[in-house]
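Here the structure is laid out as structure tokens; the discussion comes afterwards.
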Amino acid sequence: MHRSTAMSFKTRRAFLAAAVAITALAGGAMKASAEDVVIGLIPKFTSDPYFVAADKGAQEAAKELGYTVEFNGPVDANVATQSDIIDKFVRRRVTAIAVSANDPTALAPALKRARDAGIKTLTWDADVTPDARSVFLNQATFEGMGRTFVDMMVRSAGTSEGDFLIVTAVLTSPNQNRWIEELKKYAAEKYPKMNFPAILPGDEDLEKSKNVTLNYLQANPETKGVIAVTGIATPGVIEAVKQLDMVDKVAVTGLGVPSLIRTYLKDGSLKEAALWSPIDIGYGAIYLAKAEIDGTLDPKSGSVDAGRLGKLKFISDDTVLLGDPFIFTKDNVDQFDF
């Protein structure tokens with residue numbers, strides 16, 4: 001009787017200890033003091049000035065909040081490496097993981113493992129399937145980016161008729177695919193004679209973006225313009241157009257990082273390019289992580305406090321908007337140093 005009772009007590013105590021441990025694992029991040037908070041910030045790849053600037057903003061937010069932000073990602077746009085880095089952060093038991101995804105579904109299992117380990121998960125810049133994260137910080141609406149790309153091209157090319165090439169990052173990139181979907185939809189409604197016969201991946205590599213554009217334009221010299229929906233591709237596309245001496249025949253527009261496009265805006269081979277502040281999106285991602293860690297992330301409130309950015313608005317139950325795209329021209333590009 002006594003032994004049975006003792007065993008029962010030990011069993012209950014073990015069960016209670018396990019329950020407490022699980023609760024601590026799941027909720028510990030929320031209760032952690034600021035100096036204990038570690039956020040893993042994962043870009044699509046680390047060699048892009050855009051993501052370097054995003055880290056600058058993230059570190060700014062981390063300093064304000066007293067957090068530690070560890071910036072780690074693949075050298076190139078490699079999905080498997082991103083997944084491995086997520087798993088490393090899981091083993092480290094970081095407080096939160098914020099990722100810009102190279103693939104919406106391939107990264108979901110790793111993020112789910114992180115979430116199951118009690119780590120907060122969110123995405124910024126490029127999303128994953130919603131069941132693998134709590135919130136997505138979208139730099140601009142997909143519809144807004146689609147309209148911006150098309151309208152910039154029509155202004156740059158001086159026409160809305162003919163064939164236009166699209167150069168993307170990787171074919172699985174979630175944000176680029178949504179922008180392409182929306183730009184095609186908008187063009188079909190407003191400019192029905194605007195055609196997009198090809199979408200070519202530059203694999204987030206300037207030289208490859210140049211080569212795929214070069215080969216395509218040599219085979220299709222009647223192309224009216226090229227839309228680069230990733231910032232690292234834009235200078236490569238322009239170099240291809242220049243090499244073929246087609247600057248006055250083939251317009252180029254798309255995403256643009258000021259440090260990469262300043263020369264082209266100045267020499268007229270690029271008239272307009274759009275972006276948002278990568279510093280701000282990195283900064284905002286950390287404040288979204290803070291809200292998730294604190295347990296204050298509430299779509300019903302309509303917004304999230306984001307430090308110097310003010311209140312960022314929810315545009316759906318699980319998506320927060322950074323703001324409208326900004327268009328760079330030769331007249332304003334010198335105002336930006338990233």
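The values are calculated or read from the model by the stated rules, or taken from the named source; none is laboratory data. None of the values given here were measured: they were computed from a predicted structure. For neighbour counting, all protein chains shown are included, and Cβ atoms are generated from backbone atoms with ideal geometry for every residue, glycine included.
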Given the conditions (1) crowded, with 21+ Cβ neighbours inside 10 Å; (2) touching a residue at least 40 places away in the same chain (Cβ under 8 Å); (3) in contact with a Pro (Cβ under 8 Å, 6 or more places away or on another chain); (4) in a helix (DSSP H, G or I), report the number of the one that Ala274 does not fulfil.
-> (4)
Cβ pairs under 7 Å, 6+ apart or interchain, first in segment 231-260 and under 27 Å from Phe142 (Cβ atoms) and in contact (Cβ under 8 Å) with a residue 24 or more places away in the chain, second surrounded by fewer than 17 Cβ atoms within 10 Å (Cβ to Cβ) and acidic (Asp, Glu), ordered by first then second residue, are Gly236/Glu207
What's the number of the condition Val135 fails, among (1) over 12 Å from Ala285 (Cβ atoms); (2) aliphatic (A, V, I, L, M); (3) surrounded by 24 or more Cβ atoms within 10 Å (Cβ to Cβ)?
-> (1)
What strands (runs of 3 or more DSSP E) lie completely within segment 32-105 and have 2 or more residues being surrounded by fewer than 20 Cβ atoms within 10 Å (Cβ to Cβ)?
-> 68-71
If Arg12 passes every condition in (1) at pLDDT 95 or above; (2) assigned to a helix (DSSP H, G or I); (3) of a type in the set (Lys, Arg) but one, which one does it miss?
-> (1)
Is it true that Val212 is in contact with a Pro (Cβ under 8 Å, 6 or more places away or on another chain) and touching a residue at least 40 places away in the same chain (Cβ under 8 Å)?
-> yes
Would you check which residues across segment 270-282 are within 12 Å of Ser156 (Cα to Cα) and touching a Lys or Arg at 6+ places or on another chain (Cβ under 6 Å) and list them?
-> none
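What helices (runs of 4 or more DSSP H), lying completely within segment 145-245, carry at least 3 residues that are within 17 Å of Glu272 (Cβ to Cβ) and outside the structural domain of Gln82 (by TED's automatic domain parsing)? First the steps, then the outcome.
Working: elements: 174-190, 206-219, 234-243.
The helices (runs of 4 or more DSSP H) meeting that bar are 174-190, 234-243.
Please verify whether Thr123 is crowded, with 24+ Cβ neighbours inside 10 Å, in the same structural domain as Asp36 (by TED's automatic domain parsing) and among the β-branched types (Val, Ile, Thr), treating the condition exactly as stated.
Answer is yes for this residue.
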